[in-house]
Each structure stands twice: as structure tokens, then as C-alpha cells.
Amino acid sequence: ALFAPRDDVTMAAKMAEVLQNPEFRQELERHGLEQAKKFSWSISANLAWAALSHLQAEHSEQKSTVLSPAVRRPKLAFVSPLPPEKTGIADYSAELLPELARHYDITVIVQQEAVSDAWVQANAAIHDAAWLRQHAHEFDRVLYQMGNSDKHIPMFALMDEIPGVLVLHDFFLSGPLAWCMEEQPAYKNAWTKALYQSHGWSAVQARFKPDNAVQTVMKWPCNLTVLQQALGVVVHSDFSRQLAMQYYGARAAESWAVIPHLRQIGEQANKSGARESLNLLPGDFVICSFGVLGESKLNHRLLDAWLASPLSKEANCRLVFVGENQGGDYGHDFTHNIAQSLAKDRIVITGWASEETYRTWLAAADMGVQLRNLSRGETSGTVLDCMNYGLPTVVNAHGSMAELPADAVWLLPDAFSDAQLIEAITTLWQDATRRTALGAQAKARILSHHNPRRCADQYAEAIEAAYAQAEQTLFGLTQALPQLKPTLSVQEYPRLSEVLSANFPPQPRLRQLMLDVSAIAQNDLKSGIERVTRALLEQMLLNPPAGWSVQPVYATTDRAGYRYARQFTSHFLNIPGDWAEDAPVQAWAGDVFF
């Protein structure tokens with residue numbers, strides 16, 4: 001009588017069927033006796049001897065006894081933060097590496113003093129970015145794990161020098177550029193330049209508006225240069241692909257690979273032991289929300305719904321926020337609202353939780369509620385953790401969470417009402433059978449779609465596909481050209497670079513609408529033509545046509561060709577221009593000169 005080996009629910013159901021169904025039990029007994037006749041030491045010995053004889057015969061027929069060498073695993077440089085760095089990507093990478101090592105000979109590249117993960121210490125060479133720059137030629141593949149935090153700052157320069165496959169954990173990369181890199185001498189104006197390259201002049205103007213930095217960071221991803229440098233892109237949800245098409249055009253993500261965010265299947269949680277260690281009573285009903293608190297996590301919506309629900313009136317019902325409260329007005333208002341409620345003694349904010357404490361609350365909880373807005377294109381690890389622990393979990397259909405199957409979570413609309421959230425938590429509180437079924441489906445989903453081995457196999461397919469495709473691009477040509485005999489003469493390289501640039505435009509990209517502002521950039525005569533040009537220019541810069549990047553350009557009589565009018569445009573928009581360079585224009589098929 002077969003059951004899925006890691007599914008506790010189906011195992012229990014099969015055991016119950018044997019115990020409760022006499023006919024089924026008798027059939028198993030009869031079948032077992034028949035099966036047993038197929039197995040004996042004599043039969044096993046004969047099968048083994050036959051197999052050995054067959055192999056010996058095959059061996060004798062071979063013309064040569066020289067063994068073929070084992071297939072060499074490609075050498076992979078794995079660039080990522082690793083534990084003990086306090087970032088979810090470090091933990092993610094530590095779970096992926098052992099399974100990915102089935103496909104590659106891995107060297108990890110980190111920018112941290114020490115790596116605490118035992119598997120990495122025992123099985124992988126550990127080096128930094130400077131070492132990789134000297135030894136890049138020794139590797140067949142490079143894989144970057146990149147997110148929207150300061151842990152990934154060195155990767156921006158490294159990807160420019162050593163392209164590889166990019167795993168984009170957060171679609172938005174504006175955070176480290178704006179808050180960490182913009183004012184550093186080594187990365188001076190990095191955010192401003194990324195805004196210009198990715199989103200054009202309207203984004204740059206927004207960056208320089210007073211008190212507008214936060215809004216600009218939240219609105220513009222600033223990741224186009226990184227996407228263009230990558231040989232291939234891996235994301236964890238189709239939502240990230242939709243964001244790429246929204247910002248960079250319908251074909252921006254057509255070759256991207258979507259690989260589910262992995263989760264190591266955990267052991268069966270000891271719920272009673274976890275609850276005892278947290279001083280919870282056996283009859284307590286505990287709803288948990290996991291992760292750092294903040295406006296984007298909608299913690300206030302959960303608090304309001306819980307207080308308005310019947311649960312707040314029951315002495316055994318508790319609401320726990322497992323994570324650190326946000327500072328500022330939001331965090332202050334949140335704690336104030338708790339303190340003013342009649343159920344304040346049954347509402348807890350744990351503060352920063354260690355890995356052990358986090359896992360203990362996962363084991364102790366009866367329900368998880370993970371809400372979200374203002375998604376940056378990330379996949380919620382806390383939702384997957386709740387599902388992995390078999391918790392019935394309530395989420396709203398925002399960002400990547402909209403892709404979760406409706407039978408594995410309670411899926412609210414993206415813009416849900418208080419009444420809908422109250423109904424969800426109240427129904428699951430009252431219906432134990434439904435909680436059990438939802439938790440079982442959630443755990444089965446993690447097992448079938450998110451286990452590390454399955455994800456690592458998909459990684460290998462995506463990496464190899466990306467490098468095979470890259471061989472047909474500028475990357476492949478630059479690898480092959482140095483091997484040509486005879487080599488090109490030095491005089492031929494300028495012309496070659498022009499040809500390569502014309503034939504291999506960066507991807508993805510928006511088409512350029514190049515506006516000739518030569519007349520007003522050098523000597524504005526205030527004539528009718530100049531006035532029309534200025535009015536047209538302002539409107540097109542700040543309201544560019546969808547799918548286009550508007551670029552003022554100019555020519556002069558003292559040198560050939562056009563140049564980008566970045567200094568002039570900065571002055572025209574009344575913004576600083578110390579970041580801008582009037583570089584020669586690069587144009588490709590599909591661009592328009594006006």
C-alpha cells in the first residue's frame with residue numbers, strides 16, 4: 001500500500017485505511033504473501049550472477065579495455081553572500097549549493113570576512129571578487145545571486161567585467177544604488193546614471209525634486225544596465241517577467257527562466273514542544289505574521305482585522321508579529337494602536353528573531369497571515385516557510401503571491417477589504433478540518449515545486465541554455481576572435497568595433513527617439529522654430545511615448561557625428577549636470593532621428 005514518502009497526511013490516511021477497512025487489510029495480507037514468493041536469497045543470487053556474467057561478456061567483446069574518463073563537471077563561479085550574512089539570499093544560496101554541486105565544480109565568491117555554512121567550508125573553495133578578476137579565465141560558467149541590498153554592491157562592477165547568468169531575487173535594484181552607492185567616490189552618481197540609462201530624463205528629474213528620493217526609489221527599478229550585462233536571467237516568479245515587459249517592452253524577458261524559490265523540506269515540527277518553550281497554553285489559538293514589520297507588509301491591516309473579529313474576544317486567541325518593528329511614524333502608530341486595544345495582552349511583537357526563534361514560532365503557530373503591497377518583484381520566503389511547516393496561510397494576490405495555487409493558500413484579492421480578511425481568519429479559526437486540508441496542500445506544493453534538487457536541476461538547464469545562446473551573441477564573438485589565426489591588425493579594430501556595435505544592440509532596450517537640438521543647444525535665437533523645438537522637447541522629455549527613450553542630440557561644425565546633449569538637457573530641466581557626459585551617439589536599427 002503505497003504513499004508519498006514525505007507526506008505525513010497521506011501516510012496517516014493509508015494507515016487509517018488499513019486499521020478501519022477489514023477487506024482492504026485482508027487483501028494486503030493475501031497480496032503480501034504472493035509478493036514474498038518473488039524474493040529469496042536463491043533468486044537474488046541467480047539474478048546477481050546473471051548480471052555479472054552479462055557484464056563480463058560485454059567487457060570481453062570490447063576492442064579496448066581503456067576506460068573512458070569521467071565526464072568533467074564545468075567549473076562554476078558562484079557569486080553571492082552566504083551565512084552568516086543577515087540576508088535571505090545568503091540562506092537561499094546555502095540551500096542551493098549542495099544540489100547545484102551535482103552539476104558543477106563550484107567555487108564561491110564572497111565579500112565577507114568568513115563563511116559559516118558547514119557544507120561550503122567542506123566542499124567549495126572560497127575567494128573574493130579580486131581573486132575572480134585574476135582567475136575568471138579558469139571558469140566555464142559564472143552565476144550571480146543579486147538582490148536589492150548593500151550586500152550586492154560589488155556585483156555591479158563585477159558583472160560589467162565578468163558577465164554571467166544573473167539570478168534576480170528582487171526586480172528593483174534602486175535601494176543600494178540610492179542609499180549606499182550614490183555618494184561613494186568609487187560609485188559617484190551611480191543612482192543618477194542608472195535612472196538615466198534605465199528610465200530616461202523624467203526619472204532623473206524626479207530624483208532631483210526636493211524630498212522626492214523615497215518616491216523615486218520606489219517607482220524606478222534602475223536595473224537595465226545589469227540586465228544588459230547578463231548572459232541570461234533567472235527569476236522566481238512570472239511577476240518579475242511582467243515587470244520587465246512593463247518597463248522595457250514586450251520582448252524584454254522572453255528568454256528569462258522562471259525557477260521557483262527553493263525551500264529545504266524540514267523535519268516534522270514538534271508543535272507541543274515549541275508551544276511549551278514559548279509559554280503558550282495547549283488550548284491557545286495562535287495567528288503569526290512573519291518578517292520585519294512595515295507599511296509594505298500591511299501589518300496594520302491584520303491588526304485591525306483581528307481586533308474587529310471574534311478572535312479578539314476569546315481569551316485563548318493570540319496575535320503574534322514575529323519580527324522587528326519598523327521605526328518612524330508607522331512603527332510608533334502601530335504600537336500605540338496595540339496599547340489602546342482591550343486585547344493588548346494577547347498581541348505580541350517579538351522584535352528581531354534569531355533563526356531558532358523564528359523556526360520555533362513557525363512550529364507553534366496555528367495559522368500564518370502574510371500580506372503585501374509595494375512589491376519590488378521579490379518572492380516571499382516567509383510565505384514559503386509557512387507553507388513548508390504545513391500552516392494554513394492567508395495571503396493577498398499581490399506580486400508573486402498571486403501565482404500561488406488557490407488550494408494551497410487562502411488567496412485574498414490584491415486590494416482586499418477588511419471584511420474579506422476577517423472572514424478568512426475567522427473561518428479558518430472555526431474550521432479545523434479546513435485548516436488541516438489547507439496546510440497539507442501547502443506542504444505538498446513545497447515538496448512538488450520548491451525542493452532544492454528539483455530547483456537545482458532547473459538551474460543547470462537555465463545556465464546551459466543561457467551560455468549556448470550567448471555563443472551566438474557579442475559575448476560568443478569576443479570569446480572566439482582572440483583565437484583566430486592570423487590575428488587582426490591593430491588598424492582593423494576600430495572598424496571591427498563599429499560593426500560589432502551596429503549588429504549587437506544591448507538587450508533589452510527601448511528604442512531611441514533622438515531629437516536634434518543643435519539649434520538651441522548652442523545658440524538659441526528665440527525664433528519661432530526655436531520656441532517650437534523647446535516646447536516639443538519639454539513635453540517629450542517628461543512624457544516620453546511608450547516604448548521609447550527620448551534622447552536630445554546635437555552636432556557641431558568642428559567635429560564629425562552627433563553627441564548626446566546631456567549637459568544641455570540637464571540645464572534645460574534645471575537639474576545638476578555634474579554626472580552627465582556628452583558622449584558620441586550610438587544608434588541601432590529601429591531608432592528614429594527627428
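The values are calculated or read from the model by the stated rules, or taken from the named source; none is laboratory data. Predicted model, so just to flag it, every value in this text is computed and none were measured. Reconstructed Cβ throughout: ideal geometry from the backbone, glycine too, with neighbour counts over all protein chains shown. Ligands, DNA and RNA are stripped out before the accessible areas are found, and what is left, the full protein with its side chains, is counted by its heavy atoms. Shrake-Rupley method; radii C 1.70, N 1.55, O 1.52, S 1.80 Å.
Of the residues that sit in segment 189-212 and are closer than 22 Å to Ala244 by Cα and charged (D, E, K, R), which one is surrounded by the fewest Cβ atoms within 10 Å (Cβ to Cβ)?
If we take residues in segment 189-212 being closer than 22 Å to Ala244 by Cα and charged (D, E, K, R), then Lys193 is surrounded by the fewest Cβ atoms within 10 Å (Cβ to Cβ).
Can you pull out the residues in segment 357-371 that are within 16 Å of Arg434 (Cβ to Cβ) and either out of contact with any Cys (no Cβ under 6 Å at 6 or more places or on another chain) or surrounded by fewer than 23 Cβ atoms within 10 Å (Cβ to Cβ) (or both)?
Asp366, Met367, Val369
Given the condition open to solvent by less than 70 Å² (accessible area, probe 1.4 Å) and in contact with a helix residue (DSSP H, G or I) (Cβ under 6 Å, 6 or more places away or on another chain), answer yes or no: does some residue in segment 583-594 qualify?
no
Kindly establish whether Leu374 is out of contact with any Leu (no Cβ under 9 Å at 6 or more places or on another chain) and either open to solvent by less than 60 Å² (accessible area, probe 1.4 Å) or more than 19 Å from Ile446 (Cβ to Cβ) (or both).
Against the criterion (out of contact with any Leu (no Cβ under 9 Å at 6 or more places or on another chain) and either open to solvent by less than 60 Å² (accessible area, probe 1.4 Å) or more than 19 Å from Ile446 (Cβ to Cβ) (or both)), Leu374 qualifies.
Name the pairs whose Cβ atoms lie under 9 Å apart, with the first residue in segment 314-326 and on the phi > 0 side of the Ramachandran plot and open to solvent by less than 10 Å² (accessible area, probe 1.4 Å), the second modelled with pLDDT under 95 and of a type in the set (Val, Ile, Thr), and 6 or more positions between them or separate chains?
Gly323/Val292; Gly323/Thr382
List every residue pair whose Cβ atoms lie under 6 Å apart, where the two residues are 6 or more positions apart in sequence or sit on different chains, the first residue falls within segment 213-226 and is open to solvent by less than 60 Å² (accessible area, probe 1.4 Å), and the second residue, located anywhere, is not in a helix (DSSP H, G or I).
From segment 213-226, the pairs are Pro221/Phe171; Pro221/Phe172; Cys222/Leu173; Asn223/Leu173.
Sort out which residues of segment 474-488 are open to solvent by less than 70 Å² (accessible area, probe 1.4 Å) and farther than 23 Å from Ala230 by Cα, and write them in order of number.
Once the filter is applied, which keeps residues that are open to solvent by less than 70 Å² (accessible area, probe 1.4 Å) and farther than 23 Å from Ala230 by Cα, segment 474-488 yields only Leu488.
Has segment 399-408 got any residue that is open to solvent by 30 Å² or more (accessible area, probe 1.4 Å) and either in a helix (DSSP H, G or I) or at pLDDT 95 or above (or both)?
yes
Keeping to segment 1-24, report how many residues are open to solvent by 90 Å² or more (accessible area, probe 1.4 Å) and modelled with pLDDT of 90 or more.
Count: 4.
Go through segment 167-270 and tell me which helices (runs of 4 or more DSSP H), entirely inside it, have 1 or more residues that are among the aromatic types (Phe, Trp, Tyr).
190-199, 201-207, 238-248
Which residue is nearest to the chain's Cα centre (by Cα), if the candidates are limited to segment 277-299 and must be in a helix (DSSP H, G or I) and surrounded by fewer than 17 Cβ atoms within 10 Å (Cβ to Cβ)?
Glu295
Which of the residues spanning segment 500-543 are open to solvent by 50 Å² or more (accessible area, probe 1.4 Å), in a loop (DSSP other than H, G, I, E, B) and within 29 Å of Leu224 (Cα to Cα)?
Passing the criteria: Phe504, Gln507, Asn543.
I'd like to verify a number: residues in segment 193-212 that are of a type in the set (A, V, I, L, M, F, W, C) and free of Cβ contacts under 8 Å to residues at least 24 places away in the same chain, how many? Walk me through how you get there before you give the answer.
Step one: of segment 193-212, the residues of a type in the set (A, V, I, L, M, F, W, C) are 194-195, 201, 203-204, 206, 208.
Still in the list and also free of Cβ contacts under 8 Å to residues at least 24 places away in the same chain: 203, 206.
Residues flagged as of a type in the set (A, V, I, L, M, F, W, C) and free of Cβ contacts under 8 Å to residues at least 24 places away in the same chain within segment 193-212 amount to 2.
Being more than 17 Å from Arg376 (Cβ to Cβ), open to solvent by less than 30 Å² (accessible area, probe 1.4 Å) and free of Cβ contacts under 8 Å to residues at least 60 places away in the same chain is the requirement here; does Ala274 meet it?
Criteria not met by Ala274.
Spot the failing condition for Leu536; the list is (1) under 38 Å from the mean Cα position of the chain (by Cα); (2) among the aliphatic types (A, V, I, L, M); (3) closer than 20 Å to His199 by Cα, and only one is missed.
(1)
So that you can scan it fast, the table gives a plain yes or no per residue for (1) in contact with a helix residue (DSSP H, G or I) (Cβ under 6 Å, 6 or more places away or on another chain); (2) at pLDDT 95 or above; (3) assigned to a loop (DSSP other than H, G, I, E, B):
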position: Asn325; (1), (2), (3): yes, no, yes
position: Val348; (1), (2), (3): no, yes, no
position: Arg359; (1), (2), (3): no, no, no
position: Arg376; (1), (2), (3): no, no, yes
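Just to confirm my filter: which helices (runs of 4 or more DSSP H) fall fully inside segment 87-141 and include at least 2 residues that are open to solvent by less than 50 Å² (accessible area, probe 1.4 Å) and farther than 27 Å from Val71 by Cβ?
Passing ranges, in order: 88-100.
Pick out the one residue from Thr436, Thr382 that is in contact (Cβ under 8 Å) with a residue 12 or more places away in the chain, within 23 Å of Leu319 (Cβ to Cβ), within 19 Å of the chain's Cα centre (by Cα) and part of a helix (DSSP H, G or I).
Sole residue among the options that is in contact (Cβ under 8 Å) with a residue 12 or more places away in the chain, within 23 Å of Leu319 (Cβ to Cβ), within 19 Å of the chain's Cα centre (by Cα) and part of a helix (DSSP H, G or I): Thr382.
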